[in-house]
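See structure below.
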Amino acid sequence: MDNAEELYFNISNEEGEDASPPTVADVQVDTSETYYGERIAVSLVAEDDLSGVRSVSVFFRTPSDSRSESVRLNYDEETDRWKGYYTVPEYAASGKYPLDFISTADHAGNSIFYYPRDVDNADDLYFNIIASLPPLPDIDPVPGTFTLDNETWTSKTIDGDLYVGPESILSIDGDVQINGDVYVFGAIRSFGGLNVTGTMNVRSANFSAFSFSPVSQGSLNVISGSNHFGTLRATNARWDIPFRLDHESFEVKDGSLLVEGAMIPVGDLYINDQQVDFYRNGVFEETLTDIEGDELAFRIIDVFGNKRTFSEPLTYYGVPYWLEDSELEVTEVSDIEASLKWGTTVDPEETDSFRIYLNDTLVSDVGDDSHSYTLTGLEPMTEYDVQVVATSIYGKESKPLKVSFKTEPDEEMIKEWDRLIKTAEEAIGLLPERNQISRSDREQIKEARDAVDQALEADLTAADIEGLSLLSDAEERLVELDDMLEDVIRTIAGLKDITQLTPADAEDIHAARETVEKAKEAGIDSAEIANYDRLTAAEDLLEKLKDLLQAANTKINDLPELRELTLSDAEQIKNTREAVNEALSQGYDESDLENLIHLEEGEKRLIKLNELLEQAELRIGHLPDGEDLLPGHEEEIEAARKAVERAKEEGISPESISNLHILTQAEEVMKAFTEKLTVLQEALHSVPDLADVTADHAPLIADVQNQVDAIASEPVLEEEKKRLDHFLEVKERLQLLVTLEEMISALPPVDEISVKDDESLIDETVAEVNGVVDSGVRKESILSYDSLMTVEKRYADLKKAVFDAEAAISGLPAPDDLTLEHQNQLEEARNKTDQVKELSKYGLESVYHYAELAVLEERMAILKSLEHSPFRDVVSSNRFAEDIYYLTHREVISGFPDGSFHPDRTVTRAQAAIMIGRALGFDGEQRDNQFADVSTSMQASGFIQAAADVGIIQGFPDETFRPDDTVTRGQMAIFLARAFDLQDDGSSNITFTDMSSSMQAYHAVHAIYTKDITQGFPDGTYRPDEGVTRGQFSAFLTRALQ
């Protein structure tokens, strides 16, 4: 296949590939004993991380252990579980059916089997089948035939409707007659011979399907043969499942109720959210407990998720009920009392009493023969809610009868009403007449309305206030004025933006002005019109537009006559056109302009003159520059001359032709071309053959290029095309060779090559040169080719040496793991690095772990010292031995002439200066000193002065150093903190009991403690005034250096 490499696709998935199968948990099986024809419920929780669960099936071993029975589960959204049912067939063996395995798969194709060992409660996952059929209750099933499991029918007749259950696949294998409708919740596979007189109701129908094709719930699959249907209806509409309740009423006793009935069991039935279990013929007896509420809720759900819900009223045993027309009445009301009257209950003999509640508070409990009651102690003008509840001799309460009422006012309230009415009527009487009201009267009208509202809020009515209509008229007039003002503002706002107004908007502007004037006549001041300035600005703009039109007409009329028009009139025509365009851009039509044809004819005349001038200048402009003119350009020059003459005939002066001088110059340079052509031919003959070109030919090629540039005109060069092509090829080869020579010369000398820095440069140069050689260029043409090969070989040798050195160092142990047995291995690594150094003085820069070798060599020296101590009084078991050997190796300390070190002696200030100075590389040459007690002849004088110069030591106030004094632990901390720039950053949480922040050494001690140079003593002290031994000082200095 020619394009196989192009046949692919890419998938972008941020979550990654789903490579894990689903997991299962909380497996539940109905383990009660069951009979033929009954169903066993199986459910579990299945989850998948990415693609989702596709299928779940549970398998149970038969009692004979010869095969397994499978239960396919379906996802239930309400419970978030996978559920399924196994209907026990009549041929099933009796006995125990334990869990065999669980099969599950996801949409990504991952599948898995879970066996009993994988399930926590596997021993509880079984069911028992009893051989005999269980007795059926004395309840009639609903008419109709149904299947719940996979069945195959042949030579069978069904009178009535058929329902194929969701877990059933009904296979038809000839001569099946159904005299009724068919409802397919599962699937039908027909191999021919199916005759349905009614309607075949399905979700989908497939014809000419394969016998092994998968089926879906609600599907009809016609595989072969002759099949007939009265009507075939494929729809997603809900099908009513036959259902019947065997109750006239539902009475709850002691919180429970037995519900009986029947249904075609191809769906799930829930009563008060409790799922109902069916007998094998579809009848049911369901006992409900803990019932509450007034209704019994029924819900039927089919496999497609369609729901049918309805309810039935409930009554409760022992609860009294009112007669249908019973009601609670208020017969009489005063300011403090109210008389009540109510009806009777359905069964008065079982009524014990009536309870009266006032605003949800029990106020009285009267006998069953009482049907009236008087409430006392009420508040005037107060609303009350009253309920009467009947109680039965069983202690149950009925639903309440309810009524609400309001008490009458008392004398104080009546007096207050009179005052409020008087205040409101006086406020109304002060209002102006309707036709005299203005928007400035708003506050007075509001005060009158407030007085009226106050009276109404005190439970007065509008009928109690005289003249209320005057207030309404005033408010209506105020609204009219507000509407009028709003209309004015809206009208002005409806005008186009000032930047978009055109003369066509004049009518809208005039209409807005008329609206404003009417508002003014009604008493509205222009200051109240928020956008009044917008209208005046529009009117001003309209006047400006009129001025634009007049200016355009004036300019048209001022134009000269057509026959007198010249190029000098171009500016006037341009200005006139601009004035016309400005008027048109503001919305005027061409018909509004006077004599516009005169301007258009003038523009045409001007265009013609400009075309003639342009043609002449263009002809001249197309002539080659003087240096580019060659023989053969004579025709172009003649054409330019004719164009100039035509322009003159139309009245265009020679002075108007801006580039006429070019034509004259062109004629003058034509003669020089022949001489230049001769020189070029001679130069091209001197170019060498391509194979002989080297970088040394650069001057010759440059000279030839100068001759080519001198007569670089295509018509002339065409005569020497072959030699010119050869020259260009030679020139290109020369440029390539020069570039290669530059690349080679840019390489470092062989003894300065660096693997780290020069790798890409050398590789690129070698690749480039080899690529050129491979293309056919001779090595001899590259003058520095041998030098490049030398560099390449040295680079390869250096790279191998670096690799060997790195491998040798990497094979060494860590410093803490180094022993004397690694001596040879360490020397081998040093030899490897020396080879690198011999090949290039920059070679060691590429040995990345070279510094580690120095550390290891230093460590080896210490180990040798530990084995053969340089001091007779420092044995390897000494706690400070390794620190002393480390400083000895670094030539910081050297001991005494007698071969001793005296580690337990205290350190003098002079000795401390020497050790710190050597550790920091100071110049220790003896010299004059700033301290009075340090002479030039003193061994430590140079180190003391060097340390003082950088501020490590400062001496005492009497300008002495006291070199023979013992160094204290506090002074040692100060010396080390200054020498190694250690700061107290406040992170130390240690508190030494014998130090305070006022001590000079306080911050220095905390600084070296933070860096793990010291830890203090176990008793929590630091002892800053205690002397430091030579062994201790060696340990402190070693830690500071490391």
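Readers should treat all values here as calculations from the given coordinates under stated rules, not as data from a laboratory. Small disclaimer: the values here were computed from a predicted structure and weren't measured. Using ideal geometry, Cβ is built from the backbone for each residue, glycine included, and neighbour counts are taken over all protein chains shown.
For TYR317 and ARG72, FRET efficiency with R0 = 56 Å and r from the beta-carbon atoms, rounded to 0.05?
0.80
Could you pull out every residue, at least 5 positions away or on a different chain, whose amide H is within less than 5 Å of the one on VAL56? Hs are placed 1.01 Å off N in the peptide plane, and Pro or chain starts have none.
LEU73
Under a crude label model (7 Å from the Cα following the beta-carbon direction), how far is ARG1039 from ASN179 in nanometres?
It works out to 10.9 nm between the two label points.
Once both axes come from the Cα atoms, what is the angle between helix 698-710 and the longest principal axis of the chain, in degrees from 0 to 90, rounded to 10?
Taking Cα atoms only, the helix is inclined about 70 degrees.
May I have the extent of the alpha carbons of region 144-237 along their three principal axes, as whole Å values ordered from largest to smallest?
30, 29, 25
Mind ordering 990-1003, 261-274, 1007-1020 by average Cβ neighbours within 10 Å, highest first? Don't jump to the answer; show the numbers that get you there.
Values: 990-1003: 13.7, 261-274: 20.3, 1007-1020: 15.4.
The most tightly packed comes first, giving 261-274, 1007-1020, 990-1003.
How far is the Cα center of region 115-182 from the Cα center of region 592-614, in Å?
99 Å
Treating the beta-carbon of each Lys and Arg as +1 and of each Asp and Glu as -1, no other charges, what is the dipole magnitude of the chain about its Cα centre, to the nearest 20 debye? Provide the component values of the computation, followed by the final result.
On the way: 89 positive and 209 negative charges, 1014 e Å.
So the dipole magnitude of the chain works out to roughly 4880 debye.
Is region 315-357 best put as rounded, prolate or oblate by its Cα gyration tensor, with a ≥ b ≥ c the root eigenvalues, rounded for a/c under 1.5, and otherwise prolate when a/b is larger than b/c, oblate when not? Before the final figure, lay out the partial values.
Details: a/c = 3.25, a/b = 2.37, b/c = 1.37.
Prolate shape, in that a/c is at least 1.5 and a/b is the bigger ratio.
How large is the dipole of region 905-1026 about the Cα centre if only Lys and Arg carry +1 and Asp and Glu carry -1, each at its Cβ, rounded to the nearest 20 debye? Present the calculation step by step, with values, prior to reporting the outcome.
Values: 9 positive and 17 negative charges, 53 e Å.
I would put it at about 260 debye.
Using only DSSP helix segments of four residues or longer, with each worth -39500 (n - 2.57), what per-residue ellipticity at 222 nm results for the chain after dividing by its residue count and rounding to 500?
On the way: 23 runs with 369 residues, N = 1042.
Mean residue ellipticity, 222 nm, calculated: -11500 deg cm²/dmol.
Taking a ≥ b ≥ c as the square roots of the Cα gyration tensor eigenvalues, with a/c under 1.5 meaning rounded and otherwise prolate when a/b beats b/c, else oblate, which class fits region 328-406? Show your work: numbers first, answer last.
On the way: a/c = 2.42, a/b = 2.11, b/c = 1.15.
Prolate, since a/c reaches 1.5 and a/b exceeds b/c.
Please report how far the C-alpha centroid of region 484-553 lies from that of region 247-273, rounded to the nearest whole angstrom.
Their Cα centres are 78 Å away from one another.
Which residue, TYR86, ALA122, HIS228, has the largest displacement toward the positive end of the dipole of the chain when charges sit on each Cβ (Lys, Arg +1; Asp, Glu -1)?
The residue sitting farthest along the positive end of the dipole is ALA122.
Determine the gain in length on full extension of the stretch ASP347-SER810; use 0.36 nm per residue of separation and subtract their C-alpha separation, reporting nm with one decimal.
Details: separation 463, 0.36 × 463 = 166.68 nm, distance 10.49 nm.
Value of the extension gain: 156.2 nm.
With each label point set 7 Å from Cα along the Cα-Cβ vector, what nm distance links ASN128 and SER526?
Computed distance between label sites ASN128 and SER526 equals 10.6 nm.
In the chain, what percentage of the DSSP-assigned beta bridges are antiparallel, given to the nearest 5? Could you put the intermediate results ahead of the total?
Numbers: 91 of 132 bridges.
Among the beta bridges of the chain, antiparallel pairing accounts for roughly 70 percent.
Going by how many other beta carbons lie within 10 Å of each one, how would you line up MET484, MET381, fewest first?
Values: MET484 17, MET381 14.
Fewest-to-most ranking of MET484, MET381: MET381, MET484.
Go ahead and run the numbers for FRET between ASP625 and GLU601, Cβ-Cβ distance against an R0 of 56 Å, rounding to 0.05. Mind showing how you got there, number by number?
Values: r = 40 Å, r/R0 = 0.71.
Efficiency computed from Cβ-Cβ geometry: 0.90.
Report the semi-axes of the equivalent ellipsoid for region 735-827 in whole Å, largest first, where each axis is √(5λ) for an eigenvalue λ of the Cα gyration tensor.
They are 40, 11, 10 Å, listed from largest to smallest.
Roughly how big is region 493-549's charge dipole about its Cα centre, with Cβ charges of +1 (Lys, Arg) and -1 (Asp, Glu), in debye to the nearest 20?
Working: 7 positive and 14 negative charges, 17 e Å.
Dipole size: approximately 80 debye.
For PHE229, what residues show an amide H to amide H distance below 5 Å, using hydrogens built from the backbone and excluding near sequence neighbours?
Amide H neighbours of PHE229: VAL196.
With unit charges on the beta carbons (Lys and Arg positive, Asp and Glu negative) and the dipole taken about the Cα centre of region 144-237, which residue among VAL176, GLY160, PHE191 sits farthest to the positive side?
Value computed over the given set: PHE191.
Given the C-alpha centroids of region 966-981 and region 68-95, what is the distance between them in whole angstrom?
Their Cα centres are 86 Å away from one another.
Does region 756-795 come out rounded, prolate or oblate, given a ≥ b ≥ c as the square roots of the eigenvalues of its C-alpha gyration tensor, rounded meaning a/c under 1.5 and, failing that, prolate meaning a/b above b/c?
Working: a/c = 3.17, a/b = 1.66, b/c = 1.90.
Here region 756-795 falls in the oblate category.
Taking just the alpha carbons, could you work out the radius of gyration and Dmax for the chain, both in angstroms?
That works out to 57.6, 147 Å for Rg and Dmax.
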